[in-house]
Structure formats: structure tokens, C-alpha cells
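The structure appears below as C-alpha cells.
The values are calculated or read from the model by the stated rules, or taken from the named source; none is laboratory data. What you are looking at is a predicted structure, and each value in this text was computed from that prediction instead of being measured. When we count neighbours, we look across all protein chains shown, and the Cβ atoms used for this are built from the backbone with ideal geometry, even at glycine.
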Amino acid sequence: MPVPHKAAAAAVHHNSPLFRWLIGLGGVGLFFVAIVDSSVIPLPLPGSTDLLLLVLVTHKPAEWWLFALIAIAGAMVGGYFSYRLACKGGTALMERYVPARYRDRLTHGVQNNPVLAIGLPALLPPPVPLTPFVIAAGALDMPKKKFLWAFGVGRTLRYFIVAWLAQHYGRHLIRLWRRYFGESTATVVIVFVVLAAVTIAVVVWQARKQKISLRG
């Protein structure tokens, strides 16, 4: 996939070489950002996938649908990883990630309207939280197929909408981003790189642990 022009990165933050590097990775960078953004590992800036998708599509509007699919694929990996962790961690993990004042309402929502309880947070942008709903889905034994369907539909709609907006209004949206959030971009990217490394290490560790348990 072609490397975006430096001007695309500079439109967001001209003093952030790390962000320019992440954009330079193109679809690969977008894929890994989407994994972390949809996982239990928090980013200092929610919606980082939306920002990167916005910049990439603005530079190559003809490939908006491809970047949207890449973002969806990464989000599915991150969401499913968090769901599986919650399935194994059970209510203890839910108590860790879901504030007590919301726990009863969240439990009621997932048990009575599971598709809406997952699909809506997956669709809506920040500040609507996603992690508590994903954790609740796993901890409360929501069926895997139902979770993947609801989560997938929500993320698909969200990223196709973002990509479409970027195709038509990308440069205007980037200027707004730079005006209000540009100063935090460098910090976000540094933290993301660290968290991405941690996420990969955790995934590898979980896979090896499961493989050893199967042999035993």
C-alpha cells in the first residue's frame, strides 16, 4: 500500500515524527491501532482509529473502502480478544472494569438486549465507552456468534461512516482536529506504541499458555 505523503501527517501535527511514522505504515498501522483501540488496554485518546482512518482516507480517497475494511478487521481482533479474556475472567474481571454504580444496569442490558447492548457502543464515537460492554458480554456468557455479529455490525457502520466522511470532508475535519487536539497527538502515539507492544506480548503469552494447557 502506498505511503501517504508527509503533508497528510503534518495536517494533524507537524512536530510529531512518530505520528508521521505511524501514518507511513498505512494499512498495517491502522490495523494495529484498531486492535488496541477495541481492546481492554486503554488509549489516552479514545477514537484513535477514527483519526488515523480519517488521515489515510483524506490522502487516498479512492481507497476509502479498503481502509475501512482494515479498521474493521483490527477492531474485530481487539474486541474478540477482550471478549475471550472476559469469558475466562468472569465476574471478577467485570468488577475490575465496570464501575459498581453501572454494573446492575449493564448486566440487565446485556442479558435482556445483548445485540443492542454491544452493537450500539461499538457504533457510537467517544465519549461512549466500549470496554465495559465487551467485558460484560464475556463475563455474562453472551454467545460468541451473537457477540461477533453485534460487535461487527456496529464497528462496520462506524468505520464506513468515518471513511465516507473523510472522503468528502477529510481536510476540513483534520483542520478542526489540529486546532483542538493537535498538541496531544505526539503523546498519544508514544503511548500507543508502548501499549501495542504490551498487547502483542499478552496475546503471545495467552496463546502459549493455552497451548501448554491443551498438551497437559
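For this structure, a couple of remarks:
- Residue within the stretch 84-99 that is crowded, with 18+ Cβ neighbours inside 10 Å, of a type in the set (V, I, T) and in a helix (DSSP H, G or I) present: no
- Put simply, of L54, L66 the only residue that is over 18 Å from L130 (Cβ atoms), surrounded by fewer than 19 Cβ atoms within 10 Å (Cβ to Cβ) and in contact with a helix residue (DSSP H, G or I) (Cβ under 8 Å, 6 or more places away or on another chain) is L66.
- Here G170 meets each of (1) in contact with a His (Cβ under 9 Å, 6 or more places away or on another chain); (2) modelled with pLDDT of 95 or more with one exception, condition (2).
- Residues of the stretch 2-53 classified as under 30 Å from L120 (Cβ atoms), modelled with pLDDT of 85 or more and not in a helix (DSSP H, G or I), total: 2
- Residue among G79, G119, G90 that alone is touching a residue at least 12 places away in the same chain (Cβ under 8 Å), more than 22 Å from A68 (Cα to Cα) and in contact with a helix residue (DSSP H, G or I) (Cβ under 8 Å, 6 or more places away or on another chain): G90
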